[in-house]
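**Student:** Encoded as structure tokens, here's the structure I'll be asking about.
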Amino acid sequence: MDLFEYQGKQLFARAGLAVPSGEVADTPEQAKAAAEAIGGTVVVKAQVQVGGRGKAGGIKLAKTPDEAYAEAKNILGMDIKGHTVKRVWVEAASDIKKEYYASVTFDRSAKMPLVMLSAMGGMDIEGVAKEHPDALARLHVDPLIGFQQHDARWLIYHAGIDEPAQKGVLDALMKSYEAFIDLEATLIEINPLIWTEDDRVVALDAKVSIDNNALFRHPDLAELQESVTDDPQERMAQERGVTYVKLDGDVGIMGNGAGIVMSSLDVVALAGGKPANFLDAGGGSNAEAVTTALEVLLSDPKVKSLMINIFGGITRCDQVAEGLLAALDKLGATLPIVVRLDGTAAPEGRAILAERAPDNVVIEPTMLAAATRAVELAKEAS
Amino acid sequence: MSILVNKDTKLVVQGITGREGQFHTLRNKAYGTNVVAGVTPGKAGQDVEGIPVFNTVRDAVEATGANTSMIFVPPRFATDAIFESLDAGIDLTIAITEGIPAHDMMRVYTHLKRGNQTLIGPNCPGIISPGEATVGIMPTDVFTPGRVGIISRSGTLTYQISKEIGDLGIGQSSVVGIGGDAIVGSSFIDILQRFEDDPGTDLVVMVGEIGGDDEERAGVFISENMKTPVVGYIAGFQAPPGKQMGHAGAIITGSSGTAQGKKDALEAMGVEVGTNPTEVAEMVKKRIG
């Protein structure tokens, strides 16, 4: 789960990391009130989870509350790389002497936390890593021992952090690691971490990702989940406990198992179509699970045909077929549905559908044939 | 011949009295796996259809000589269960549980790599050596004894590919589901090495998916260390960056971990990669059929 900047900053503040004082605003009026409360020059920042906000005009300085009103009015509703701005963060402007970069990430390859620090902040860090590898100090942390002060000092000296800022950066690194552990984050990134004219070290941006598998231990963070999902189907799927990802095609896809569903998307694309989604109905695809999954799929108006791809293992295909019939009975869907059943009790499952399914249900013997048919039917329907 | 799970396996099941644990334990036993014990704290002295239940893994090992553990414990207790298995000296721990937090697995992995024990999973379907034994949740009907090894991050895709290969008259030596999480105890490389050392395996099918760099590293390992041919498959070409595709580990981060990147890396190392399960089966047939 990726958090918005404002949520990250609120968590930073709780962890004792210095951040500029700020408030969220959903309307220009709220932005104006926030600017009045903060006082002085403020920055109005679009809250979208995509890089390049500044270049897109989503970050503006405002010297007065009226200017904050005008900028917020301009930014709210703006489209930044396909993301609509629904909220802005208004914070006190900072006097920047220098921009650094600091992060704690979960390094999948090493299977350990990785702390990184650079004196070249404020820009794309992948670019810095490529062009100036020496400017990015990197240190893996033994998760059984934790991050120690000497680790932070090593990073500070190797990154070439300016002497007056060293103490502040050390404190920021220690608290970032603490937050990484406490929040069970997979990423804490501060870019830029600034050294101010009055020699403070402040987090000017916040990128925080939380491990979804750990949310059961963090009910306060789990509550944020709804606010970070803005697609209506994804939100519906989340509420019903369905594993769903929205894509932009017109062939709806459902299967039992993450691997086979990913493979189904690929096969639909190979057949010349565009998948509308990823949906894993899980192992026990009974009537209830199939109904829930279909409800989510059918709520997407872009879907023109469905491909249901089931490999029966412990799950029996005859039970999936019964589930599908019950779901169709309840939902009365009329769009073409291509079903492919393989594995345990597949012949029985196909027989049930051949006998009792409505005319819009088509049975195909293989994954490739099912994908090809679903793509054809989607094209015919549009 | 086979790897990891066979006639010498003496299985203890952690979480044997739960609904899923009991169901799959009995299925494993019916297939021929030697299930010697179960563990559920507080239920020592009970039995599950004749399989004795102990309070701790250590007790089970002392009483039965168990050398393999299967974990069916819910996510919030599973980390403790893995540590318990390792601390009891179990050689091979197979964690079926889905949903273990990544921070827990960082600690487990660091501890694991300081010793010589093996962990498969978590979030995996287990292992089957057809005709010998199965530990996990795989549908056994799909597999037949043979000489192809399969390693996969996905359960259903493994079944699909095994069945397609089976339909062409080719069976499996062992099938290993390594798990769909970002951190799993054994990587592709760990299992490739075992198949390379197994005289009963003539070819390996490696089923990967988006996320991480395990496939890329496996490609280098295959070209440098393996005589046994490997056929690859990668799922997730249509996956958008930053979205978790069902498995916790199936996520493209920035520009790394894409299916195309993995396919290219494997092909650059001379590993043939199929575009769909049917094509993978045909490639296997062409090599050894």
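**Student:** All other residues with a Cβ under 12 Å from the Cβ of residue B:281 taken together, and with Lys, Arg as +1 and Asp, Glu as -1, what is their net charge?
**Tutor:** 0
**Student:** Return, for the Cα atoms of the range A:96-222, the radius of gyration and Dmax in Å, separated by a comma.
**Tutor:** 14.3, 42
**Student:** What's the exposure ranking of A:118, A:103, B:173, A:299, going from fewest to most Cβ atoms within 10 Å?
**Tutor:** Listing A:118, A:103, B:173, A:299 from fewest to most nearby Cβ atoms yields A:299, A:103, B:173, A:118.
**Student:** What's the FRET efficiency of residue B:264 with residue B:26 using the Cβ-Cβ distance as r and R₀ = 45 Å, to the nearest 0.05?
**Tutor:** 0.50
**Student:** Based on the Cβ-Cβ distance from residue B:197 to residue A:130, what FRET efficiency comes out when R0 is 45 Å, to the nearest 0.05?
**Tutor:** 0.70
**Student:** For B:31, A:69, A:244, which order do you get if you count the other beta carbons within 10 Å of each Cβ and list the fewest first?
**Tutor:** By the 10 Å Cβ count, ascending: B:31, A:69, A:244.
**Student:** Report the label-to-label distance for residue B:7 and residue A:110 in nanometres (one decimal), using points 7 Å from each Cα along the Cα→Cβ vector.
**Tutor:** It is 4.6 nm.
**Student:** Still on this model: Looking at the range B:139-288 only, what percent of DSSP beta bridges run antiparallel? Nearest 5 please.
**Tutor:** Approximately 5 percent, going by the DSSP bridge assignments.
**Student:** How far apart, in nm, are two points set 7 Å out from the Cα along the Cα-to-Cβ line at residue A:366 and at residue A:36?
**Tutor:** Simple spin-label model gives 7.0 nm for this pair.
**Student:** Next up: Name the long-range amide H neighbours of residue B:230: under 5 Å, sequence gap of 5 or more, or other chain; modelled H, no Pro or chain starts.
**Tutor:** B:204
**Student:** For chain B, what is the calculated [θ] at 222 nm in deg cm²/dmol (nearest 500), taking -39500 (n - 2.57) for each run of four or more DSSP H residues and dividing by its residue count?
**Tutor:** -11000 deg cm²/dmol
**Student:** Ok, one more. Roughly what % antiparallel, to the nearest 5, for the DSSP beta bridges in chain A?
**Tutor:** DSSP beta bridges in chain A are roughly 75 percent antiparallel.
**Student:** How far, in nm, would the chain grow between residue A:66 and residue A:162 when pulled straight, counting 0.36 nm per residue and subtracting the alpha carbon separation?
**Tutor:** Fully extending the segment from residue A:66 to residue A:162 adds 30.8 nm.
**Student:** From the helices alone, meaning DSSP H stretches of at least four residues, give me the mean residue ellipticity at 222 nm for chain A, per-run term -39500 (n - 2.57), in deg cm²/dmol to the nearest 500.
**Tutor:** Taking each H run of at least 4 residues, the total per residue is -12000 deg cm²/dmol.
**Student:** Going by C-beta contacts inside 10 Å, put A:132, A:158, B:24 in order with the fewest on the left.
**Tutor:** Ranked by crowding around the Cβ, least crowded first: A:132, A:158, B:24.
**Student:** Ok, one more. Mark the label point 7 Å from the Cα of residue A:50 along Cα→Cβ and return the residues of the range A:75-94 whose backbone N is within less than 16 Å of it.
**Tutor:** A:75-88
**Student:** Can you tell me which of A:357-365, A:223-231, A:340-348 comes out highest on packing, and rank the rest after it, using the mean Cβ neighbours within 10 Å?
**Tutor:** Most protected by this proxy first, the peptides run A:340-348, A:357-365, A:223-231.
**Student:** If you don't mind, there's one more thing I want to ask. Hey, got the dipole for chain A? About the Cα centre, +1 on K and R Cβ, -1 on D and E Cβ, debye to the nearest 20?
**Tutor:** For this selection, approximately 400 debye.
**Student:** Would you list the P(r) distribution for chain A, with all Cα-Cα distances sorted into 10 Å bins from 0 and each bin expressed as a whole %?
**Tutor:** Answer for chain A: a P(r) of 5, 20, 23, 19, 17, 12, 4, 0 percent.
**Student:** Additional query: Roughly speaking, what % of Cα-Cα pairs in the protein assembly as shown are separated by over 34 Å, rounded to a whole number?
**Tutor:** Here the tail beyond 34 Å accounts for 50 percent of pairs.
**Student:** Using modelled amide H (1.01 Å from N, peptide plane; none on Pro or chain starts), what sits under 5 Å from the amide H of residue A:186, excluding residues fewer than 5 places away?
**Tutor:** So residue A:186 has HN proximity to A:209, A:210, A:211.
**Student:** Using 7 Å Cα-to-Cβ label points, what is the residue A:198/residue A:139 separation (nm, one decimal)?
**Tutor:** Label-label distance for residue A:198 and residue A:139, simple model: 3.0 nm.
**Student:** Take every DSSP beta bridge whose two residues both sit in the range A:231-381, then give the antiparallel share in percent to the nearest 5.
**Tutor:** Within the range A:231-381, antiparallel bridges account for around 20 percent of the total.
**Student:** Turning to a different aspect of this structure: Each residue of the range B:21-29 in turn: what ³J(HN,Hα) in whole Hz from Karplus with 6.51, -1.76, 1.60 and θ = phi - 60°, glycine and Pro shown as x?
**Tutor:** Running phi through 6.51 cos²θ - 1.76 cosθ + 1.60 with θ = phi - 60° gives x, 5, 4, 6, 4, 5, 5, 4, 5 Hz.
**Student:** Taking a cut-off of 20 Å between Cα atoms, list the lysines near residue B:262, but don't count ones fewer than 8 places away on the same chain.
**Tutor:** A:111, B:243
**Student:** Let me ask something additional. If you take the beta carbon distance between residue A:248 and residue B:49 as r and set R0 to 45 Å, what does 1/(1 + (r/R0)^6) give as a FRET efficiency, to the nearest 0.05?
**Tutor:** That pair, residue A:248 with residue B:49, gives E of 0.30.
FYI, it's all coordinate maths here, none of it is from the lab. Being a predicted model, the structure only gives us computed values, none of them experimental. Positions of Cβ are generated from backbone atoms using ideal geometry, with glycine treated the same way; all protein chains shown enter the neighbour counts.
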